[in-house]
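The values are calculated or read from the model by the stated rules, or taken from the named source; none is laboratory data. What you are looking at is a predicted structure, and each value in this text was computed from that prediction instead of being measured. A quick note on method: Cβ atoms are made from the backbone with ideal geometry, for glycine too, and the neighbour counts reach across all protein chains shown. Remember, those area values only see protein heavy atoms, side chains included, never the ligands or the DNA or RNA. Shrake-Rupley method; radii C 1.70, N 1.55, O 1.52, S 1.80 Å.
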Amino acid sequence: INKEIEAVIKKHFGNHEKFKEEFGNVANTRFGSGWAWLVVDKGKLETTSTGDQENPLSEGKIPILCLDVWEHAYYLKYQNKRADYVNAFFNIINWDEVEKNYKEALK
């Protein structure tokens, strides 16, 4: 994670581990098919989830990071172990893109 987005995450969540915990909880507790999101809402970062084809834009929130938690996204590799899939996701996040999305959301 690069320094600039890390500072933003620290400001809104306390530290990177708390962000991972909160985002992971949102992803793991989404019942059925859906998405976990890191969004900008009125300049503030928050985590949320939506079901099926819904997204945060309909609530006026701007998504900057998304995780697909539909079963088709992880079943072949992780079977029914969504938590393992969510934990693996943190290893592949492109933080440069998240930072770019964050800056764009503030415009």
Given R₀ = 25 Å, FRET efficiency for Lys42-Cys66 by Cβ-Cβ distance, to 0.05? 0.80
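Report the charge-dipole magnitude of the chain in Debye, nearest 20, computed about the Cα centre from +1 at each Lys and Arg Cβ and -1 at each Asp and Glu Cβ.
Rounded to the nearest 20 debye, it is 220 debye.
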GluC sites (Glu not before Pro), restricted to the range 1-86: which are DSSP loop and have at most 12 other Cβ atoms within 10 Å? Glu54
Pull up all non-local amide H partners of Val69: gap of 5 or more, or a different chain, and H-to-H distance under 5 Å with H placed in the peptide plane. Gly34, Trp35, Ala36
Under the span-like rule (Cα at least 20 Å along the axis, Kyte-Doolittle mean at least -1.0), DSSP H helices of the chain: none
Sulfur and carbon atoms: percent of accessible area, the chain [1.4 Å]: 49
For a label point 7 Å along the Cα-to-beta-carbon line of His16, residues of the range 44-82 with backbone N under 20 Å: 45-47, 64-67
Give the label of the value calculated from the structure for Rg and Dmax of the Cα atoms in Å, choosing from (i) 13.5, 40; (ii) 14.1, 44; (iii) 12.9, 39. (i)
Based on the Cβ-Cβ distance from Thr29 to Glu6, what FRET efficiency comes out when R0 is 22 Å, to the nearest 0.05? 0.30
Per residue value of the accessible surface for the chain (all protein chains in place, 1.4 Å probe), Å²: 62
Can you give me the pair-distance distribution of the range 34-78, C-alpha pairs, 10 Å bins, whole percents? 29, 48, 18, 5
Divide by every residue of the chain the summed helix terms, -39500 (n - 2.57) for each DSSP H run of at least 4, and state the resulting mean residue ellipticity at 222 nm, rounded to the nearest 500 deg cm²/dmol. -14500 deg cm²/dmol
